[in-house]
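Engineer: Here it is: the structure, laid out below.
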Amino acid sequence: MMVVALDGPAGVGKSSVSRQLASKTGMCYINSGNFYRAITLLAIERGVDLSDENAVTQLAEENPIDIKDGRICIAGRDVEDELHTDTVDAHVAELSRIPSVREVVNRRLKELAKTRDVIVEGRDITTVVFPDAEVKVYLDANPKTRALRRYRQGVSNLSLEEIEANIRKRDDIDTNKPIGSLKISSDALYLDTSDLTIDEVCEKVLKKINTFLHPGR
């Protein structure tokens, strides 16, 4: 099985790039961040205190996440369209900092990768979850560009300034986590996407994938 791992902060285009790569290669797309979002959503719905690490971890253990037809399911329910609300956005970083929850999610990601070729995106995929991935990529962009992209998606009721402030806050949390912090793997292809289109980014990553699949060409 082949693993293509993409890391980077919020709003750099990881999801769009990963989906397009999956479409072009036939590999299974997995957004690891959505695993944390699904757990966050379920915790909020069930009134679980997100500061109670044991309770949140137990919730994650008892409700394994699956991918069906490319969509995230938890507790037997498709939650793909409920993962990017302002409420989930406001709490997912807090939940994703919990080491035991990260262990549950990482274990599930590895289980899924044993059965299929995958393109996995996240924050610590190239450094922690799949350090031996065949292809590693780190996407980046400046915070203003990332905020504008999120704003144009139309999924948030926040102002552009508020979105940028949240992105900067999320970056600070992600880079200072005790486990699974956002880092650039030394052997990853680094791409600043601030001035690149999705197609241009995909072209560069596909070239990296093809170099692995067809060395010497």
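Engineer: Taking into account only those residues within the stretch 90-121 that are under 13 Å from the mean Cα position of the chain (by Cα) and either open to solvent by 50 Å² or more (accessible area, probe 1.4 Å) or under 22 Å from Ile44 (Cα atoms) (or both), which is modelled with the lowest pLDDT?
Structural biologist: Out of the qualifying residues, it is Ala93.
Engineer: Need pairs with beta-carbon distance below 8 Å; first residue within 23 Å of Pro9 (Cα to Cα) and among the β-branched types (Val, Ile, Thr) and within the stretch 74-92, second part of a helix (DSSP H, G or I) and open to solvent by 50 Å² or more (accessible area, probe 1.4 Å); sequence gap 6+ or separate chains.
Structural biologist: Once the first residue is within 23 Å of Pro9 (Cα to Cα) and among the β-branched types (Val, Ile, Thr) and sits in the stretch 74-92, its partners that are part of a helix (DSSP H, G or I) and open to solvent by 50 Å² or more (accessible area, probe 1.4 Å) give Thr87/Ile44; Val88/Ile44; Val88/Glu82.
Engineer: Output the residue which, of all residues in the stretch 51-81 that are of a type in the set (Asp, Glu), outside any strand (DSSP E or B) and under 22 Å from Leu112 (Cα atoms), is least open to solvent (accessible area, probe 1.4 Å).
Structural biologist: Glu80
Engineer: Here is a further query. Kindly provide the set of residues from the stretch 93-118 that are within 24 Å of Ile179 (Cα to Cα) and either part of a loop (DSSP other than H, G, I, E, B) or free of Cβ contacts under 8 Å to residues at least 12 places away in the same chain (or both), ordered by number.
Structural biologist: Answer for the stretch 93-118, where residues must be within 24 Å of Ile179 (Cα to Cα) and either part of a loop (DSSP other than H, G, I, E, B) or free of Cβ contacts under 8 Å to residues at least 12 places away in the same chain (or both): Arg97, Ile98, Glu103, Arg107, Glu111, Lys114.
Engineer: To continue, here is another question. Filter the stretch 158-189 down to residues that are in a loop (DSSP other than H, G, I, E, B), among the hydrophobic types (A, V, I, L, M, F, W, C) and more than 16 Å from Val12 (Cα to Cα) and give me whichever is nearest to the chain's Cα centre (by Cα).
Structural biologist: We begin by selecting, within the stretch 158-189, every residue in a loop (DSSP other than H, G, I, E, B); these are 158-159, 176-188.
With among the hydrophobic types (A, V, I, L, M, F, W, C) added as a condition, the list becomes 158, 179, 182, 184, 188.
From what is left, the residues that are more than 16 Å from Val12 (Cα to Cα) are 158, 179.
Details: Leu158: 21, Ile179: 15 Å.
Among those that are in a loop (DSSP other than H, G, I, E, B), among the hydrophobic types (A, V, I, L, M, F, W, C) and more than 16 Å from Val12 (Cα to Cα), it is Ile179.
Engineer: Between Ala141, Ala147, which is surrounded by 17 or more Cβ atoms within 10 Å (Cβ to Cβ), touching a helix residue (DSSP H, G or I) at 6+ places or on another chain (Cβ under 9 Å), over 19 Å from Leu6 (Cα atoms) and touching a residue at least 40 places away in the same chain (Cβ under 8 Å)? Before you say what the answer is, go through the steps one by one.
Structural biologist: Details: Ala141 fails: over 19 Å from Leu6 (Cα atoms).
After ruling out the rest, the residue left standing is Ala147.
Engineer: If you go through the stretch 159-172 one residue at a time, how many are surrounded by fewer than 17 Cβ atoms within 10 Å (Cβ to Cβ) and either under 30 Å from Glu203 (Cβ atoms) or of a type in the set (A, V, I, L, M, F, W, C) (or both)?
Structural biologist: Here the count works out to 3.
Engineer: Also, I was wondering about something else. So, in the stretch 134-146, of the ones that are over 20 Å from Ser96 (Cβ atoms) and aliphatic (A, V, I, L, M), which residue ends up nearest to the chain's Cα centre (by Cα)?
Structural biologist: By that ranking, first place goes to Val137.
The values are calculated or read from the model by the stated rules, or taken from the named source; none is laboratory data. The structure presented is a predicted model; accordingly, all values stated were derived computationally and were not measured. For neighbour counting, all protein chains shown are included, and Cβ atoms are generated from backbone atoms with ideal geometry for every residue, glycine included. When the accessible area is computed, the model is the full protein with side chains, heavy atoms only, and any ligands, DNA or RNA have been set aside. Shrake-Rupley method; radii C 1.70, N 1.55, O 1.52, S 1.80 Å.
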